[in-house]
Amino acid sequence: MFRGGAVAAVCAATLCLGGCTTVVMETARKVYEDRSTDQQWTDVQIASSVLGTLSDKDKGLLLDVSADVWELRVMLTGTVVDSRTRQDLVQRVRADRRILKVYDEIQVVSPEEQARRRAASNNPPGKREGAERVVGDVWVETKISAQLITTGGVTSVNYRWRSVRGTVYLIGRAQTRQELATVLGIVRATDGVLQVRQFIEVRPNAKS
């Protein structure tokens, strides 16, 4: 059964929960992904479940932690203020039997830094005092997006990336090793990137 409309609707709801301001673009790009419609649907359901887990524990975590899902693999990024919260979140996510792999990349930061990051998430774009790192991460993500979209031989819709305190995390699928090398080269050369962590599989187009 074709679930394109349902996928789009759930994607929009999920992205709003995550605080994304580009819902329409994110939903539309799914049409061009190499994932099948059924796979997209399952991944969206998993992402929605993870966001529900964050909300159930602490609604503030929706501002602090992101969950990107690609073909049943979940990449958790963001920040929390103690290792116990991090361990509890990861354990809850791993309890979902649909998930094949969870990449725990959540960083533990001081309460002061967490407060600054939350404040930055709620501030209008022009109000940036005390939020240099968060603004820098958003700028890094934007630069990466612009470069991947305009680079030949790169299917940018097959990748998800997050920048957290200068470390960029990627998940998705490259069709060739050359494409993966190109993507990593672009990310590493982007101003503000201090480190790269990637969970990208190399496989040909499998969309059906």
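Gain on full extension, evaluated as 0.36 nm per residue between residue 165 and residue 139 minus their Cα-Cα distance, stands at 8.2 nm. Give the residues of region 107-122 whose amide nitrogen is closer than 14 Å to a point set 7 Å from the Cα of residue 81 in the direction of its Cβ. Under 14 Å, as judged by backbone N against the label point of residue 81, lie 108-119 of region 107-122. When peptides 37-44, 148-155 are ranked by their average number of other Cβ atoms within 10 Å per residue, the highest-first order is 37-44, 148-155.
No lab work stands behind these numbers, since they all come straight from the coordinates. Every value quoted in this text rests on a predicted model; they were computed, and no experiment measured them. Ideal geometry is used to build each Cβ from the backbone, glycine not excepted, and the neighbour counts take in all protein chains shown.
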